[in-house]
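Working notes, structure below.
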Amino acid sequence: MSRYFTAAAVDEAITPPVRINYTKLLINGQFIDSTSGKTFPTLDPRTGEVIANVAEAEAEDVNRAVSAARKAFDEGPWPKMSAHDRSKILLKFVDLLEKHSEELAALETWDNGKPYERSVNDDIPLMIRFFRYYAGCTCISLWQHSCTETSEQTPLSALLASKLLQEAGLPPGVLNVISGYGPTVGAPIASHMNVDKLAFTGSTDTGKIVLELAAKSNLKPVTLELGGKSPLIVCEDADVDKAVETAHSALFYNQGQCCSAGSRTFVHERVYSEFVEKARELALKRVVGDPFKKGVQQGPQIDSEQFEKILKYINFGINSGATLEAGGERFGSKGYYVQPTVFSSVEDDMPIARDEIFGPVQSISKFRNINEVIGRANATNFGLAAGVFTKDLDNANMLSRALRVGTVWVNCYNVFDASIPFGGYKMSGNGREKGIYGLSNYLQVKSVVTPLKNPAWL
Ligand code: NAD
């Protein structure tokens, strides 16, 4: 079988089934232009063409958004509302998300390039689960005021969702959403003296900047959800077909652009050859194309910078002596499509085994025994997630305990739920999102001491 795909050009881009209605900043319940009047283009990764021009916030807009949030918290109705009333607003929002799920999914696919079937069947239902779960938790949390910066690469779906939240009855200023670039919007938020808490999701390099800005301003607490280089370990007793299939989706899901991507696949030497052959076949069968087309499994990468970075790492893989089993080139001639790529015989010191590529590049290495693979899996600055494939409960237990990561998936991968805490060890971040632990990031412990009159029990 050929190592390369028949590089059929991607068809003409399908017209997305959605209209773009929200491109401005949401401040104090109103969609408004930025102070400077500037906009920035958000691009279609299928073609590199402009989808829409979005209001570009800068420091002055951050000040306006933070003031609105502060006022909503200090003087507005939200913090004084009963848990029951807050919960009703969030549940109404969930109903609106359900009603507009196809629209939200189409915007996300258009901006991000992920297959529409995945956006509509995975992302939106998961988002709905999260809000429904936390709507039930408003009895213990205030879900404070918020100033949110969208990613400059994918602002559109968040803007529509924030409109739906206003429609559900969220008081003005409780949520403010501003779009723009990291140094001109993200940095002023991180260093703002009037922001009480920061939750950041992004790369480890940016996480360091944000933490430093928080420390140098008002020491606001920061939770960080950062990058990963997650090991997926296939033991000799594993169900190989299941492991191959799961390792494939663990890496290639969302074009490989997942913080938790299983990007270091360690396979026991006894099943290694079989695994590599089957992983290669699966990658060659993966359907790449317009993410709006039914049956497409992989769309384009998010932007030209990411596309170039991935191709650069593929070349590192080839030049450092890994074996290219599948892919290795761009797909088609337009947009940011990359062939699903598989390397075998990957050594731990190669750049493709060390760095987060954030693209459709699977790296397969061989191991001989459990202790060896534990050491190798942990020999990284990251610690976000791991996968373990084995039928032996003792192996599963030992690996789960020994791997220095925030989530271990046993005989499965990328299973998320609102109730399962998620976050990283080491340079993959700090703090946990989701579940009851996620709420603790937003709570303070306060001791109140008062003399008791006639305490009968003393
Ligand atoms: P990124 O770090 O380039 O950007 C993330 C955000 O940071 C953007 O909104 C950007 O505007 C902002 N930013 C950039 N420079 C800034 C600065 N100087 N000051 C303040 N803010 C700044 O990351 P990305 O490319 O958008 O996302 C990919 C990364 O995110 C990967 O490393 C991935 O693993 C990670 N990620 C982690 C999780 C998780 O839960 N751990 C989830 C998703 C993505």
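Structure data summary
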| quantity | calculated |
| --- | --- |
| Residue match in the stretch 159-176 (condition: in a loop (DSSP other than H, G, I, E, B), charged (D, E, K, R) and open to solvent by 50 Å² or more (accessible area, probe 1.4 Å)) | no |
| Residue list for the stretch 287-345, filter: under 17 Å from LYS114 (Cα atoms) and of a type in the set (A, V, I, L, M, F, W, C) | VAL287, VAL288, PHE292, VAL296, ILE302, PHE307, ILE310, PHE331, VAL338 |
| Residue list for the stretch 432-446, restricted to those being more than 16 Å from the ligand (Cβ to nearest atom), open to solvent by 60 Å² or more (accessible area, probe 1.4 Å) and not hydroxyl-bearing (Ser, Thr, Tyr) | ILE436, LEU443, GLN444, VAL445, LYS446 |
| Output for the stretch 188-199, where each listed residue is of a type outside the set (Lys, Arg) and either in a loop (DSSP other than H, G, I, E, B) or farther than 24 Å from ASP74 by Cα (or both) | SER191, HIS192, MET193, ASN194, VAL195, ASP196 |
| Helices (runs of 4 or more DSSP H) wholly inside the stretch 35-125 that include at least 1 residues being crowded, with 21+ Cβ neighbours inside 10 Å and more than 21 Å from the chain's Cα centre (by Cα) | 59-74, 83-99 |
| Condition met for ALA199 (open to solvent by 50 Å² or more (accessible area, probe 1.4 Å), more than 23 Å from GLN30 (Cα to Cα) and more than 7 Å from the ligand (Cβ to nearest atom)) | yes |
| Some residue of the stretch 360-371 being surrounded by 21 or more Cβ atoms within 10 Å (Cβ to Cβ) and at positive phi | no |
| Considering residues of the stretch 439-458 that are of a type outside the set (A, V, I, L, M) and touching a residue at least 40 places away in the same chain (Cβ under 8 Å) only, the residue farthest from ARG404 (Cα to Cα) | TYR442 |
| Residue count, the stretch 203-216 (criterion: within 17 Å of the chain's Cα centre (by Cα), open to solvent by less than 30 Å² (accessible area, probe 1.4 Å) and of a type outside the set (Val, Ile, Thr)) | 1 |
| Every pair of residues 6+ apart whose Cβ atoms lie under 7 Å, when the first sits in the stretch 362-388 and is without any contact (Cβ under 8 Å) to a residue 40 or more places away in the chain while the second is small (Gly, Ala, Ser) | ILE374/ALA402 |
| Unique residue being within 7 Å of the ligand (Cβ to nearest atom), closer than 19 Å to GLY406 by Cα and crowded, with 18+ Cβ neighbours inside 10 Å when the list is LEU226, LEU232 | LEU226 |
| Any pair with Cβ under 6 angstrom, 6 or more apart, that starts in the stretch 167-189 at a residue that is within 7 Å of the ligand (Cβ to nearest atom) and modelled with pLDDT of 95 or more and ends at one that is among the aromatic types (Phe, Trp, Tyr) and open to solvent by 10 Å² or more (accessible area, probe 1.4 Å) | none |
| Selected residue (criterion: nearest to GLY383 (Cα to Cα)) from residues of the stretch 415-431 that are in contact with a helix residue (DSSP H, G or I) (Cβ under 6 Å, 6 or more places away or on another chain) and buried (at least 18 other Cβ atoms within 10 Å of the Cβ) | MET427 |
| The stretch 250-288 - residue that is away from the ligand (no atom under 15 Å from the Cβ) and out of contact with any strand residue (DSSP E or B) (no Cβ under 8 Å at 6 or more places or on another chain) and, of those, least open to solvent (accessible area, probe 1.4 Å) | LEU282 |
| Qualifying positions in the stretch 412-424 - within 11 Å of the ligand (Cβ to nearest atom) and assigned to a loop (DSSP other than H, G, I, E, B) | PHE416, GLY423, GLY424 |
| Any pair with Cβ under 7 angstrom, 6 or more apart, that starts in the stretch 196-213 at a residue that is within 22 Å of ILE357 (Cβ to Cβ) and of a type in the set (Val, Ile, Thr) and ends at one that is more than 6 Å from the ligand (Cβ to nearest atom) and open to solvent by 50 Å² or more (accessible area, probe 1.4 Å) | THR204/MET427 |
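The values are calculated or read from the model by the stated rules, or taken from the named source; none is laboratory data. Treat the numbers as computed from the prediction; the structure is a model and nothing was measured. Cβ: placed from backbone, ideal geometry, glycine included. Neighbour counts: every protein chain shown. Note: accessible area is taken over every heavy atom of the protein model, side chains too, but ligands, DNA and RNA are not part of it. Shrake-Rupley method; radii C 1.70, N 1.55, O 1.52, S 1.80 Å.
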